[in-house]
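Notes for the one structure printed next.
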Amino acid sequence: AVAEIKTEDDVLRVVWEPDLHESAYSAAWLRSFSDDIPAEVPAPSLRVVPPLMRFSVGDLEAGDDTLRWSWLSELHEHGAVLVHDAPCEKKTVMQVAQWIGPVQNQIYGEAWDVVSSENAINIAYTGEYLGPHMDLCYYESPPGVQLLHCMEFPAE
């Protein structure tokens, strides 16, 4: 399993679990396996994340079609948005999800809690940095949109 991915200049470095050994792959070497990427295209940084558009849950709840269209368009175009000022109630995430469309059950059900623990089974259940990624992408029907509602985040 991958523990960490980093880029340095035009080298992709992958740290592997469980022994944390590191592999380094040059951009030129990686490009040599693709017919789709011309050699002159610079390798993108894996850590560059554009600022997220912010939307208030209260404004979205008011039901303004223009605002909701802007919110959904931003989500579609950039893959992520930040909805802030959400009540600290478990039902809130399902309410917001239903503004997007019908909620599809996954292996954990409609919604589930992600709680940090000492003996976590994967990085999602720790306080470690977890960059942008897609969950369950190997499934026949992976999630189209996932919502995370941070109800408590104790500072350390």
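Please give the number of the condition Gly131 fails out of (1) modelled with pLDDT under 85; (2) open to solvent by 60 Å² or more (accessible area, probe 1.4 Å).
Every listed condition holds for Gly131 apart from (2).
For region 65-102, what are the residues that are open to solvent by less than 50 Å² (accessible area, probe 1.4 Å) and in a loop (DSSP other than H, G, I, E, B)?
Correct list: Ala80, Val81, Ala86, Gly101.
If I ask for residues that are within 17 Å of the chain's Cα centre (by Cα), assigned to a loop (DSSP other than H, G, I, E, B) and at pLDDT 85 or above, which ones from region 1-59 would you list?
Selection gives Leu52, Met53.
Tell me, yes or no, whether region 117-127 has at least one residue that is under 26 Å from Leu72 (Cα atoms), assigned to a loop (DSSP other than H, G, I, E, B) and either open to solvent by less than 100 Å² (accessible area, probe 1.4 Å) or touching a His at 6+ places or on another chain (Cβ under 6 Å) (or both).
Scanning region 117-127 turns up no residue that is under 26 Å from Leu72 (Cα atoms), assigned to a loop (DSSP other than H, G, I, E, B) and either open to solvent by less than 100 Å² (accessible area, probe 1.4 Å) or touching a His at 6+ places or on another chain (Cβ under 6 Å) (or both).
The values are calculated or read from the model by the stated rules, or taken from the named source; none is laboratory data. None of these values were measured; they are calculated from a predicted model. Please note: Cβ atoms are built from the backbone with ideal geometry, for glycine as well, and neighbour counts cover all protein chains shown. The protein model used for the area step is the full one, side chains on, heavy atoms only, and it has no ligands, DNA or RNA in it. Shrake-Rupley method; radii C 1.70, N 1.55, O 1.52, S 1.80 Å.
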